[in-house]
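Notes follow the structure.
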Amino acid sequence: MILRFAGLDDLPSLDRLEKECFEYPRFPIPVLVDFILADGAYVLLAFTESPGRAETVMGGIMFVVQRTEKGLLGRIASVSVLEEYRNQGLGRRLLSEAEEVMRQAGASVFSLEVAVNNEAAISLYESLGYEITERLEHYYGLNEHAHRMEKELED
Ligand SMILES: CC(C)(COP(=O)(O)OP(=O)(O)OC[C@H]1O[C@@H](n2cnc3c(N)ncnc32)[C@H](O)[C@@H]1OP(=O)(O)O)[C@@H](O)C(=O)NCCC(=O)NCCS
């Protein structure tokens, strides 16, 4: 597996993840472009490694490091793994790598939102030490509620 930060050439891979992993693509192309280009925003993609063949995207994670009154906050915007590569530890690996990047950028709290019925993602986050801190009513649309989950780093 190859893990690397995305460039603009990777937009088709990123778009594929959005379309195949979510019921509705949440981030239109201009937002994906911003994620790739903006300071403090990151897109990390995992690709199959097969010599002599074009690389194929397996999954990815999008995250930002933001300055808040409480200090630097790492926010995970999206993590996605194509169905055929699920349940092999890739989601956990992507999150761990993102945490390391955010930690090195100075963030000491990581935060994300997840749909209350997304059991796979909630279990993944809990397995990495994230805790539900808030319920966000109608966050994704009418009756589509979310949990905010956070993880604080020890000093
Ligand atoms: C959520 C998602 C990223 C998990 O990716 P993955 O590569 O399959 O996850 P992993 O194999 O690393 O699993 C790590 C842990 O997550 C949990 N988990 C993953 N899939 C699960 C499932 N279907 N049901 C319950 N728990 C699950 C387990 O605790 C698992 O640990 P274990 O294997 O030791 O039991 C993937 O299912 C996905 O892309 N879903 C669609 C997009 C999405 O909803 N993203 C999250 C919101 S942004």
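Summary of computed values
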item	result
Contacts under 8 angstrom Cβ, first residue in segment 113-138 being within 14 Å of Glu99 (Cβ to Cβ), partner in a strand (DSSP E or B) and within 8 Å of the ligand (Cβ to nearest atom), 6 or more apart	Leu124/Val79; Tyr125/Leu112; Tyr125/Val114; Tyr130/Leu112
Qualifying positions in segment 4-43 - within 13 Å of the ligand (Cβ to nearest atom) and in contact (Cβ under 8 Å) with a residue 40 or more places away in the chain	Arg16, Leu17, Glu18, Glu20, Cys21, Phe22, Arg26, Phe27
Residue within segment 34-51 that is under 29 Å from Asn117 (Cβ atoms) and over 13 Å from the mean Cα position of the chain (by Cα) present	yes
Hits in segment 106-137 - residues which are surrounded by 14 or more Cβ atoms within 10 Å (Cβ to Cβ) and either in a loop (DSSP other than H, G, I, E, B) or not aliphatic (A, V, I, L, M) (or both)	Ala107, Ser108, Phe110, Ser111, Glu113, Val116, Tyr125, Leu128, Tyr130
Meets criteria (without any contact (Cβ under 8 Å) to a residue 60 or more places away in the chain and polar (S, T, N, Q)) for Ser80	no
Criterion: surrounded by fewer than 16 Cβ atoms within 10 Å (Cβ to Cβ) and either touching a residue at least 60 places away in the same chain (Cβ under 8 Å) or not small (Gly, Ala, Ser) (or both) - qualifying residue of Glu144, Glu150	Glu144
Tally, over segment 84-105, of residues that are surrounded by fewer than 19 Cβ atoms within 10 Å (Cβ to Cβ) and more than 8 Å from the ligand (Cβ to nearest atom)	8
Which numbered condition Arg53 misses (of (1) surrounded by fewer than 19 Cβ atoms within 10 Å (Cβ to Cβ); (2) in contact with a Cys (Cβ under 9 Å, 6 or more places away or on another chain))	(2)
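Any read-out appearing in this document is the output of simple, stated calculations on the displayed coordinates, not a laboratory observation. All of these numbers come straight from a predicted model, not from anything done at the bench. As a convention, Cβ positions derive from the backbone with ideal geometry for all residues, glycine included, and neighbour counts pool all protein chains shown.
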